[in-house]
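Structure first, then comments.
The values are calculated or read from the model by the stated rules, or taken from the named source; none is laboratory data. The structure presented is a predicted model; accordingly, all values stated were derived computationally and were not measured. Cβ atoms come from the backbone with ideal geometry, glycine included; neighbour counts cover every protein chain shown.
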Amino acid sequence: MSNDLDETSARAGLGQREGFKKGIVVATKSKSKTFNSVVVEKNLPAVMRDGTILRSDVYRPEAPGKYPTLLLRTPYDKSRDGTETETFIEMGHKFAERGYTAIIQDVRGRYSSDGEFRPNFYCPVHFDSDDGYDAVEWAARLPWSSGKVGTFGHSYMGWVQWELAHTRPPHLVTMIPGCISANLLDREMSAVLRLGLVLSATMNMFSPECRQRAGVTWGPKTPAEASRLWVERDRSKWFWYLPLMDIPEDAMFGMRDHWRRWLQDHATDHLRFEEKHRKINVPVLHLTSWYDQQIGAIKNFTGMVKNGMTELARQNQHIIVGPWTHTGYKFTNKVGEIDFGPAASRDYFQIADLWFKRWLKGESTESEQWPHVQLFVMGANKWRYEEEWPIARTNYTNFYLHSGGHSNTQGGDGALSTMPPQEEPSDEYVYDPRDPVMTLYSPGGQHEPHDQRALDGRQDVLVFSTPPLQEPLEVTGPVTVKLWAASSARDTDFIAKLIDVWPDGFAQELCYGIVRARYRDSFERPTLIQPDQVYEYNITLTPTSNLFRKDHRIRLDISSSDFPNFDRNHNTGGDDYSETTLTIAHQTIFHDNCRPSAIILPIIP
């Protein structure tokens, strides 16, 4: 790969698109007929096998005929007009204009659909598998349907696709799920509650419609109103509430029972998608982002390549990983505080159309020539095309932690080197859950590249970095940290962040990972630690792809909190969700010849 971008251009986002290897065409105009006039059928009823009625809005070309059918199932209101997070009306029109019958359906118990809502990541018993099967078959029977059905959608709308896929509805041909976990433990990062995501979704996305459905007169009735009050009135105070288990019903109307059940059992993988890959028989285009739930999307991709039910399914798994965040369908070049250049901008509808034309319309498109893996390499600001994950030529390299015992803050003496440590003093810091290291992310709680210098000066963050690099170094693949550590507590957390430090000091977070001490060996059988005893912890960071450019530094931060991205460990060894006690933990990190703490980076030669 050419690395000839100068630093000024890279910071401005003026990346070049790498040559179209292997016939890849990132942006082309469709040659198929388009339809300017779209007919919308509102609230069409679909009867599920238990008699419950779910309702859908159907967008179709005005011209007579039968068209391939696209199905999206959502808990977020199919009738949103685009003024809030999802733009379902825009989706319906754009797909209909491209010659599809597009169906946007409210899932059971949400908005216009009947029945009881059982959110799939709070509740081990829900209806999405059966409802998904029934919805696909209902869609295939519509008078405007060709009988071939594809599904699409990101986040929750990706989960419901994986929930229905293993039931194998006869008319399901392909899927495009985006931004979705393969299991709940990936989503929760080693069984640690992603408080910022889960609590804000519970209170701001799910609860308002429960109020509206129940006819109560108080409290926010829409996600927009709830999100505004969350910031302007409540100042995100519920993140700090103790105990989390006792957040009052009126704060999360209709969702408190689900919330409490989740806290009692969140270390169990109720999704179990990886076990279901053997039952899935359709081609899948996996879409995800480096600043999103890519670890799960990649596991779904590799799992289907290895274990898909049929040869057709195994050989037709494709994944696209861009530099975006959890924005769903807006693949833009500006993310957080970084402009990744014009190559980063992609058109979701064009990508989906090329895929669906191939599988639903039987047309020959560029998607037939796509490599199985399309990766955006940050730093180089270019796309790279591969055929497997992880990349076979990867050189996994240990970068060892070093210091004279004073690596606290970016001004300390912490260093990273490929040279193993000899006799070195340990590093120490105090983790106080009353004053956690705060997460730098979007207002909606999504991961973005923000300048980590905002956390400068915190004594509870250990910083280890290389000297300025003399040559560019590409890191693409899974990242892990082996950490030798002791704590004065019976339970605590250790968090690792991989950071690209620019010559001007800008500290770009690339990926992170966490380990909760009680789950160090097993999620099913957690065990507390002995105070002051040294343990080896294996921390899985989210995967990444980044070119560390010349004169940049590779940096690893070690701390014990990232709040409210993750909930606070109370350090007591008790139930963090039902108790109010917070205690201080004295943490010690070792890096000597007997305990060589290191970050293992996937270097691409």
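Structure notes:
- Residues within segment 136-170 that are at negative phi and either of a type in the set (D, E, K, R) or assigned to a helix (DSSP H, G or I) (or both), tallied: 17
- Whenever a residue of segment 32-57 is assigned by TED's automatic domain parsing to the domain that holds TYR111 and closer than 16 Å to VAL136 by Cα, its partners that are among the hydroxyl-bearing types (Ser, Thr, Tyr) and surrounded by fewer than 17 Cβ atoms within 10 Å (Cβ to Cβ), lying with C-beta atoms within less than 7 angstrom and at least six residues away or across chains, give the pairs ASP57/SER79.
- Candidates LEU229, LEU285: the one that is modelled with pLDDT of 95 or more and touching a His at 6+ places or on another chain (Cβ under 9 Å) is LEU285.
- The set of residues from segment 299-345 being part of a helix (DSSP H, G or I) and of a type in the set (Asp, Glu) comprises just one member, GLU311.
- Extreme residue, surrounded by the most Cβ atoms within 10 Å (Cβ to Cβ), among residues of segment 433-468 that are out of contact with any helix residue (DSSP H, G or I) (no Cβ under 8 Å at 6 or more places or on another chain) and of a type in the set (A, V, I, L, M): VAL463
- SER407 at negative phi and at pLDDT below 95: no
- Residue count for segment 58-67 under the criterion of being without any contact (Cβ under 8 Å) to a residue 12 or more places away in the chain and assigned to a strand (DSSP E or B): the result is 0.
- Residue count for segment 384-406, restricted to those that are under 14 Å from ASP592 (Cβ atoms), part of a loop (DSSP other than H, G, I, E, B) and in contact with a strand residue (DSSP E or B) (Cβ under 7 Å, 6 or more places away or on another chain): 2.
- Among the residues of segment 503-537, those identified as part of a strand (DSSP E or B), surrounded by 14 or more Cβ atoms within 10 Å (Cβ to Cβ) and more than 21 Å from the chain's Cα centre (by Cα) are ALA507, TYR535, TYR537.
- The sole residue among ALA485, ALA454, ALA489 that is in a helix (DSSP H, G or I) and either among the β-branched types (Val, Ile, Thr) or at negative phi (or both) is ALA454.
- Unique residue being at positive phi, in the same structural domain as TRP159 (by TED's automatic domain parsing), in contact with a Pro (Cβ under 6 Å, 6 or more places away or on another chain) and of a type outside the set (D, E, K, R) when the list is GLY336, GLY341: GLY336
- Subset of segment 171-182 (residues that are modelled with pLDDT under 90 and either touching a Phe, Trp or Tyr at 6+ places or on another chain (Cβ under 6 Å) or part of a helix (DSSP H, G or I) (or both)): ILE180, ALA182
- Residue satisfying all of: in segment 469-502; aromatic (Phe, Trp, Tyr) and more than 23 Å from ILE604 (Cβ to Cβ); surrounded by the fewest Cβ atoms within 10 Å (Cβ to Cβ) among these: TRP484
- Number of the exception - LEU354 against (1) in a helix (DSSP H, G or I); (2) in contact with a Ser or Thr (Cβ under 7 Å, 6 or more places away or on another chain); (3) under 15 Å from SER181 (Cβ atoms): (3)
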